[in-house]
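Below is one structure, written out as structure tokens, with a few remarks after it.
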Amino acid sequence: MISYAKDTYPLFTDKDVRGMSKFFDLRSFGDVKARSEQISNRIRGIGGSVIPPPPPNGDGPWSQEKIDLFEAWVKEGCQP
């Protein structure tokens with residue numbers, strides 16, 4: 001089982017967290033779960049600019065491996 005604490009939380013760097021802090025808290029399970037569909041779209045560049053943004057503002061875009069891990073977490077029901 002993929003979990004937020006063990007698998008998803010580490011995907012977001014401190015730079016990513018700071019960059020998104022105006023909108024929601026990537027370190028908050030509740031915020032990430034509530035916005036999982038929006039985040040899923042944006043990490044794939046759907047519905048706006050890709051998150052996390054490329055340097056110097058972020059450490060993205062993510063590798064396909066990271067995207068797949070996040071997607072699997074969502075598909076498994078966003079476990080804590």
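The values are calculated or read from the model by the stated rules, or taken from the named source; none is laboratory data. No experiment lies behind these values; they were computed from the predicted model shown. Cβ coordinates were reconstructed from backbone atoms using ideal geometry, including for glycine residues, and neighbour counts include every protein chain displayed.
Take the residues of segment 38-68 that are at pLDDT 95 or above and of a type in the set (Asp, Glu): which is farthest from the chain's Cα centre (by Cα)?
Only one residue tops the list, namely Glu65.
Quick check on Val32: is it in contact with a Leu (Cβ under 9 Å, 6 or more places away or on another chain) and modelled with pLDDT of 95 or more?
yes
State the number of residues belonging to segment 41-60 that are under 16 Å from Tyr9 (Cα atoms), without any contact (Cβ under 8 Å) to a residue 40 or more places away in the chain and in a loop (DSSP other than H, G, I, E, B).
Final tally of qualifying residues: 1.
Kindly indicate whether any position in segment 10-22 is out of contact with any Lys or Arg (no Cβ under 6 Å at 6 or more places or on another chain) and modelled with pLDDT of 95 or more. Outline the logic, then answer.
Taking segment 10-22 as the starting set, the residues that turn out to be out of contact with any Lys or Arg (no Cβ under 6 Å at 6 or more places or on another chain) are 10, 12-16, 18-22.
In the following step, the residues that additionally are modelled with pLDDT of 95 or more were identified as 10.
Checked against the condition, which is being out of contact with any Lys or Arg (no Cβ under 6 Å at 6 or more places or on another chain) and modelled with pLDDT of 95 or more, segment 10-22 yields at least one hit.
Given the residues Arg27, Arg42, which is the only one that is farther than 18 Å from Gln79 by Cβ and of a type in the set (Lys, Arg)?
After applying the criteria, what remains is Arg42.
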